[in-house]
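Heads up, the thing below is written out as structure tokens.
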Amino acid sequence: MKRSMTAVLAVASTAMMFLAAAPTPAGAQPRLTGEAEPRATSREQARGNSGEQAGENSGGQARGNSGAKPWVTGSYSTGAANAWVPLPKTAPGAKVDTTVVVDPSQERQQYSGIGFSIDETSVSNLWKLTPAEREKAVKLLVDPRHGAGFDRFRLTIGSPDLIEHLPFWSYDELPPGVTEDFELKYFSIQRDIDLHMVDTIKLIQKHNPQATFFASAWSAPAWMKTNNRFTGEVALKPGSTTEHYQVGKLRDDCIDVLARYYVKYIQSMRQHGINVDAITLLNEPGMDVVYPAMDISVEQQQKLSVAIKREFAKNRLKTQLYVHDFNFWDWRDPNSTTTKNYYRIFNDPATRKAADAIAFHPYWGDPAVMRDAYQQFGKPVHMTETSDLNPATVLSYFRLNAGSYTLWAQATDQTGGTLHWTDKRDNNVDWEEVGRTTKWPDRLVKVNTETKTFSVRDELYPLGQFARYLTPHDVRVESSAPAAGVSNVVYRDGSKFTAILANSTDQTRNIRIVLGGNAQGPGGGTQIVTVPAHAFATYQWKADVPRRDHAPVLRSVPPLTVDQYATTQFRLQATDRDRDHLAYYATELSTGVSVDASTGVVTLNPATAGVQRLTFHVTDGASRDTVTVEVTVRPKGAPIGVRVEAESYAEQHGWTEGGANFVESNAGASGGRNIGWTAAGNWLSYRVDVARAGTYDLELRVANGTGAAVTDAISFRDAAGTKLATVSVPDTGGWATYQSVHVPVTLAAGDQLLTVYCETGGFNLDYLTLS
Ligand SMILES: [Ca+2]
Ligand SMILES: [Ca+2]
């Protein structure tokens, strides 16, 4: 696991600076879908399941002016409404706000699920409900027709790092006097049965027969380890007073028996009717903590991977092996020399062959590592543990090729308690005290142990916009980058397309969907879909995919030099021998860059100075061509009234440039990024062009997850270092939950550097605006 936000702050405060318009088509017309059905039908077709119609999301929908059947079906959720609502009708003649380009010539990862962990704390809380209330909770979470349709679950092999009922346990606990058990005679999963883990899985299977399960161990049994201890043991690294390492290592002579231990677990679960279709090699190898954890070297990981696959084959198990199961940063970080660089396990061809997928956790590092690993090794990547409930994060991770998204430890009680988890590096920690004092409030499910009722967070509903509709038959296809406040991810199952669109703005957005160069909808290009403000909406429709013929060709674009915060345009030009309709798009766009899908006109209003390489594509739906344009942005001050992204700083002090992820990827932040890991004495400067001297309103967009307001956290200074204003940061309730604070500042005229100075740390900064 997972640093909780409190843990993140603790690390930060100890100054460990890592992180941790398309043309009207004359050609192919999309076919109309027959009925207004959601996933129920696709799942039944895909998985041979009988079923009923899903009533609550088969109404409404975008209809043609002719009054014909809807061409697109689906639903939307704003979260707060706590419902999956029929798609709104699009007003006739509505203005198109943006175009989503779908490129079926570019297939990416298969969808394999969204769900949560069957950890003992969560299970224990669910079993404090009455049977009827528990069933209601599970149904709301996993039923694809009447609930969110969660379908991917993480089981724990022995106890994980977080449980309600002590002690932590493995499945091979030895009686006094017995020191080893290479025959695994004492193997038993009885504790999982006694603690209702198996019962909970059965309940999930009842309400979602398509649910799938994978499993992770946090440690081998104590006797297989060099220090004969199941929980973690830490020591200071030689020569360091702050950095620790995990003392407990896997014994080299226990690699094979650990592989057989995994086999026995999978076989035991099968006896209960539970198919564990994948295991991870080990949760977070080498984590320097005192909860259950174990170190395995790169060489041991290689040998264990091969041993596991050998034992699986011997026992005719088709179970997959996910390697890594740790942070982005621990896999690889080109900007850091201290990462574990576990990607090195693939230097061994046998390990590369044994691994079916690479599993990631998000607590440290850059999520783009998933995309890079997917491209480099050609293997699926999965988010196997995360506490991030933000549906925007799910969408962005799926765009980075994650095949699944599994939440961690999502049910606590009304106080946020009932868990034993600590980041304290104390080998003799008082676990009873940890259990009394550790609180993880505001998880997805809150169980009130007094009233025996539950409540869920609003995020459940937008998360259902993915899980209710997608199946493992759906493969992601490439699609255009977020634009006009609307992001998207698109999947294809044969001729059926599923698009999830997220509108992060305060206004309704009307969106044209273009497949290749062809507008989607009856009548050809006249149809648009409408996404309400702050909604996640799912659209399904059927369309013919263009056949492969002649690829479009993009003309190269010479390098450009432009001014920061000034608007410049150029045009992409492509030809196609078949005269196909073409669409222009980019999969990633930096702030201030946009491309018109039909004309290929690129508009630059760069927020960041320096050299940028911009990559654009053109597609006819059957193939694509790509061009990269080098743009040099000359630094200029931001005019008054223009939003200045925190990450677009001119200079900074206090953070390690390139050595730490202080510029954090954050799907909820403006421009997709924020500045984090603030500490007293750090500063960021910004270039601002003040046309007229005067008093302006300074807006700072900040987040603070410490649980307390930070008084006088920031001073705003001019180029001479004079304090123009001091700003306090409120408790915003989370590190990704932003609020604006306003303060008046008096500025001289001219293009000048202004500084955001951290008087203290304890906040994230998204952007600032002077107006
Ligand atoms: Ca063509
Ligand atoms: Ca930002």
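The values are calculated or read from the model by the stated rules, or taken from the named source; none is laboratory data. Since the structure is predicted, the reported quantities are computational estimates derived from the model, not experimental observations. Cβ placement follows ideal geometry from the backbone for every residue including glycine, while neighbour counts extend to all protein chains displayed.
Yes or no, residue by residue, for (1) within 30 Å of residue 581 (Cβ to Cβ); (2) of a type in the set (Ser, Thr, Tyr):
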residue	(1), (2)
444	no, no
489	yes, no
504	yes, yes
518	yes, no
535	yes, no
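For region 423-462, name all the residues that are within 24 Å of the chain's Cα centre (by Cα) and part of a loop (DSSP other than H, G, I, E, B).
Result: 423, 439, 440, 441, 442, 443, 444, 457, 458, 459.
Could you list, in sequence order, the residues of region 753-771 that are within 11 Å of ligand 2 (Cβ to nearest atom) and either closer than 15 Å to residue 607 by Cβ or touching a Cys at 6+ places or on another chain (Cβ under 6 Å) (or both)?
Just the residues of region 753-771 that are within 11 Å of ligand 2 (Cβ to nearest atom), to begin with: 764-768.
Listed by number, the residues that qualify are 765, 766, 767, 768.
Give just the number: which of (1) under 30 Å from residue 613 (Cα atoms); (2) away from ligand 2 (no atom under 16 Å from the Cβ) does residue 542 not satisfy?
(1)
Looking at residue 606, is it more than 21 Å from residue 368 (Cα to Cα), crowded, with 22+ Cβ neighbours inside 10 Å and of a type outside the set (A, V, I, L, M)?
Details: more than 21 Å from residue 368 (Cα to Cα): yes; crowded, with 22+ Cβ neighbours inside 10 Å: yes; of a type outside the set (A, V, I, L, M): yes.
Answer is yes for this residue.
Residue-wise test of (1) over 25 Å from residue 511 (Cβ atoms); (2) surrounded by fewer than 15 Cβ atoms within 10 Å (Cβ to Cβ).
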position	(1), (2)
543	no, no
553	yes, yes
562	yes, no
566	yes, yes
571	no, yes
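Quick one: count up the residues across region 535-551 that are modelled with pLDDT of 95 or more and either part of a loop (DSSP other than H, G, I, E, B) or within 16 Å of ligand 1 (Cβ to nearest atom) (or both).
1
Please work out if residue 409 is touching a Ser or Thr at 6+ places or on another chain (Cβ under 8 Å), small (Gly, Ala, Ser) and farther than 21 Å from residue 319 by Cα.
In short, yes.
Can you name the residue in region 262-289 that is in contact with an Asp or Glu (Cβ under 9 Å, 6 or more places away or on another chain) and of a type in the set (Asp, Glu) and is also surrounded by the fewest Cβ atoms within 10 Å (Cβ to Cβ) among such residues?
Here the answer is 288.
Please specify each residue of region 700-727 satisfying the condition of being at negative phi, under 33 Å from the mean Cα position of the chain (by Cα) and surrounded by fewer than 17 Cβ atoms within 10 Å (Cβ to Cβ).
708, 709, 711
Taking the criterion of being assigned to a loop (DSSP other than H, G, I, E, B) and over 27 Å from the mean Cα position of the chain (by Cα), would at least one residue in region 256-268 satisfy it?
no
Filter region 595-612 down to the residues that are in a strand (DSSP E or B) and at pLDDT 95 or above, then identify the one that is farthest from ligand 2 (Cβ to nearest atom).
Applying the filter and picking the extreme gives 601.
Determine whether region 286-297 contains at least one residue that is in contact with a helix residue (DSSP H, G or I) (Cβ under 6 Å, 6 or more places away or on another chain), at pLDDT 95 or above, in the same structural domain as residue 363 (by TED's automatic domain parsing) and under 22 Å from residue 154 (Cβ atoms).
Taking every residue of region 286-297 in turn, none turns out to be in contact with a helix residue (DSSP H, G or I) (Cβ under 6 Å, 6 or more places away or on another chain), at pLDDT 95 or above, in the same structural domain as residue 363 (by TED's automatic domain parsing) and under 22 Å from residue 154 (Cβ atoms).
Right, residue 301: assigned by TED's automatic domain parsing to the domain that holds residue 318, in contact with a helix residue (DSSP H, G or I) (Cβ under 7 Å, 6 or more places away or on another chain) and not in a loop (DSSP other than H, G, I, E, B) or not?
yes
Give the residue that is nearest to the chain's Cα centre (by Cα), with candidates limited to residues of region 568-577 that are within 15 Å of ligand 1 (Cβ to nearest atom) and under 13 Å from residue 619 (Cβ atoms). Give the steps one after another, and end with the answer.
Of all residues in region 568-577, those within 15 Å of ligand 1 (Cβ to nearest atom) come to 574-577.
Still in the list and also under 13 Å from residue 619 (Cβ atoms): 574, 576.
Values: 574: 34, 576: 37 Å.
Ranking the qualifying residues of region 568-577, first place goes to 574.
Could you please give the count of residues in region 552-582 that are of a type in the set (Val, Ile, Thr) and either within 16 Å of ligand 2 (Cβ to nearest atom) or part of a loop (DSSP other than H, G, I, E, B) (or both)?
2
Scan region 725-752 for residues that are more than 19 Å from residue 678 (Cβ to Cβ) and either within 16 Å of ligand 2 (Cβ to nearest atom) or not small (Gly, Ala, Ser) (or both) and jot them down. I'd like the intermediate steps shown before the answer.
Applying the first criterion (more than 19 Å from residue 678 (Cβ to Cβ)) to region 725-752 yields 742, 744-752.
Those that are more than 19 Å from residue 678 (Cβ to Cβ) and either within 16 Å of ligand 2 (Cβ to nearest atom) or not small (Gly, Ala, Ser) (or both): 742, 744, 745, 746, 747, 751, 752.
Please work out which residue is farthest from ligand 2 (Cβ to nearest atom), limiting yourself to region 666-682 and to residues that are crowded, with 18+ Cβ neighbours inside 10 Å and of a type in the set (A, V, I, L, M, F, W, C).
Here the residue is 677.
Take region 313-335 and flag every residue that is of a type in the set (Lys, Arg) and part of a loop (DSSP other than H, G, I, E, B).
Those that are of a type in the set (Lys, Arg) and part of a loop (DSSP other than H, G, I, E, B): 316, 318, 332.
Of all residues in region 656-693, which are over 17 Å from residue 588 (Cα atoms), part of a loop (DSSP other than H, G, I, E, B) and either modelled with pLDDT under 85 or in contact with an Asp or Glu (Cβ under 9 Å, 6 or more places away or on another chain) (or both)?
656, 657, 658, 659, 660, 661, 662, 676, 677, 680, 681, listed by residue number.
Go through region 109-125 residue by residue and tally those that are crowded, with 22+ Cβ neighbours inside 10 Å and either charged (D, E, K, R) or under 23 Å from residue 544 (Cβ atoms) (or both).
Number satisfying all stated conditions: 3.
What's the number of the only condition in (1) within 16 Å of ligand 1 (Cβ to nearest atom); (2) farther than 21 Å from residue 602 by Cα that residue 626 fails to meet?
Of the numbered conditions (1) within 16 Å of ligand 1 (Cβ to nearest atom); (2) farther than 21 Å from residue 602 by Cα, the odd one out for residue 626 is (2).
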